[in-house]
1. Can you pull the Rg over Rh of the chain, Cα-only, Kirkwood?
2. With n ≥ 4 as the cut-off for DSSP H runs, can you work out [θ] at 222 nm for the chain, using -39500 (n - 2.57) per run divided by the number of residues, rounded to the nearest 500?
Amino acid sequence: MGLTLTDSKRRILSLLEDEPRHGYVLAKELNVQGSTIYQHLSELEAADYIEGEEDGRRTVYTLTEKAELILRAERS
């Protein structure tokens with residue numbers, strides 16, 4: 001059973017499509033609580049939709065090729 005892409009998870013992917021971001025920035029842009037954003041990020045990372053890379057004290061998230069393909073397919 002795969003990850004269900006809810007509206008909020010799709011919005012995260014859409015923002016990351018524009019540029020890599022920290023979880024804090026995503027939470028602010030989406031106006032959601034930190035605990036919610038980090039739960040979504042964890043699920044997206046476990047499903048191989050995003051990758052997190054340490055940048056000092058924070059993690060910067062980027063899309064994987066898998067997510068890029070899914071987003072493209074949904075727009076077609």
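Taken together, the values in this text are just the output of simple stated rules run on the coordinates, not laboratory data. The structure displayed is predicted, hence computed values, not measured ones.
1. Across the chain, the Cα-based Rg/Rh ratio is 0.94.
2. Taking each H run of at least 4 residues, the total per residue is -17500 deg cm²/dmol.
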